[in-house]
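Report on the following structure.
Since every read-out is calculated from the coordinates, none of them should be taken as a lab result. Predicted model, so just to flag it, every value in this text is computed and none were measured. For neighbour counting, all protein chains shown are included, and Cβ atoms are generated from backbone atoms with ideal geometry for every residue, glycine included.
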Amino acid sequence: MAPEPRTARGRATRERILSAATALIAERGVAGTSLDDVRERAQASKSQLYLYFADRDALLRAVASATCDEVIALQADALAECDSLAGIGRYLDALVAVQERRDAHGGCPIGSLAGQLAERDEGARLALGDGFRRWEDGIRTGLEAMAARGDLRAGTDPGLLANQTLVALQGGLILAQVRRDPQQLRVAADAALELIRAATTTAARPG
C-alpha cells in the first residue's frame, strides 16, 4: 500500500487522481477506464499516479471506498430522519425521486461497482461491503430508535428489518436501471415501507 501524502500539495494531487478515476469509472465503467485516461483527466504524471497508488487494483480499491463515502454522505441527512414511519417514507420517496430525475440511468453507484469488482478483487469487495453495511446501519439506527420508543412491536429485530429494506432497495435499483423505469424502485420502496409498517404498533402509524 502506498503511503499517505505528507504534504497538502501531495494530498491535493492524490485527491485529484482519485476524483478523476471515480468520475471516469462512473461514466465509462471499470473496463472502459485506463490509467492513461485517469492521468489525462487528472493532469497527473505517471510517476505521480504510482507514487500514490501502487497499481491499478489499488486505485480501484480507493475508488470503491470513495464511492461508498460519497453515497453515504449524500444520504446522511435523510437517513438521520429514519426514526419514524413518516421519516422512512420521506427517505424512500427521495430515493425514488433521484431515479425519476435521472430517468433510471446509473443505478446504485455501490451496486454498479460491486458487479464489476467484487469477483476480481477482494479488497474492493470488502470496501463495497463496508459501504453497504454503513448504509444498512443508517436504516437500522432509525429503527432502533423506534424500537426504544415502543413504536415497533415486541420481538421485532431492527437489524433484520434494516437488512430486508436494503435488499429490497438494491433489487429495485437494479430493475429500475435495466428497465429504465423508476417505478421499479417505487415498487421496492413501497414493499419495504409496508414491511416496516407491519412491524409498528398502531400508535406509531400516522392517522
Q. Picking from VAL30, LEU49, GLY10, whose Cα lies most toward the positive end of the charge dipole for the stretch 1-54 (charges on Cβ: Lys, Arg +1; Asp, Glu -1)?
A. GLY10
Q | Alpha-carbon gyration tensor eigenvalues x 5, square-rooted, for the stretch 1-90, Å | A | 32, 15, 10
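What length, rounded to one decimal in nm, is gained on full extension from ARG180 through to VAL98, with 0.36 nm per residue of separation minus their alpha-carbon distance?
Working: separation 82, 0.36 × 82 = 29.52 nm, distance 1.29 nm.
Here the answer is 28.2 nm.
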Q: Give the distance, in whole Å, between the Cα centre of the stretch 2-77 and the Cα centre of the stretch 104-120.
A: 17 Å
Q: List the longest stretch of the chain that has no exposed loop site; here a site is one of the trypsin sites (Lys or Arg not before Pro) assigned by DSSP to anything other than H, G, I, E or B, with at most 16 other Cβ within 10 Å.
A: 7-101
Q.
How large is the Kirkwood hydrodynamic radius of the stretch 1-54, counting all unique pairs of alpha carbons, in Å?
A. 11.2 Å
Q. HN-Hα J couplings of the stretch 55-65 from phi, Karplus 6.51/-1.76/1.60, θ = phi - 60°, integer Hz, Gly and Pro as x?
A. 7, 4, 4, 5, 5, 5, 5, 5, 4, 4, 5
**Q.** ALA104 long-range amide H proximity, modeled H, under 5 Å
**A.** none
**Q.** Approximate spin-label separation ARG90-ARG205, in nm, with each point projected 7 Å along Cα-to-Cβ
**A.** 2.2 nm
Q | Under 5 Å, built H, 5+ apart or other chain: amide partners of LEU152 | A | ALA147, THR201
Q | In order through the stretch 41-51: 3J(HN,Hα) via Karplus (6.51 cos²θ - 1.76 cosθ + 1.60), integer Hz, x for Gly, Pro | A | 5, 7, 6, 10, 7, 4, 5, 5, 4, 6, 5
Q | Whole-number Å³ per residue for the convex hull built on Cα positions in the chain | A | 133 Å³
Q) In whole Hz, what ³J(HN,Hα) sequence does the stretch 163-174 give by Karplus (6.51, -1.76, 1.60; θ = phi - 60°), x for Gly and Pro? A) 4, 4, 5, 5, 4, 4, 5, 5, x, x, 5, 5
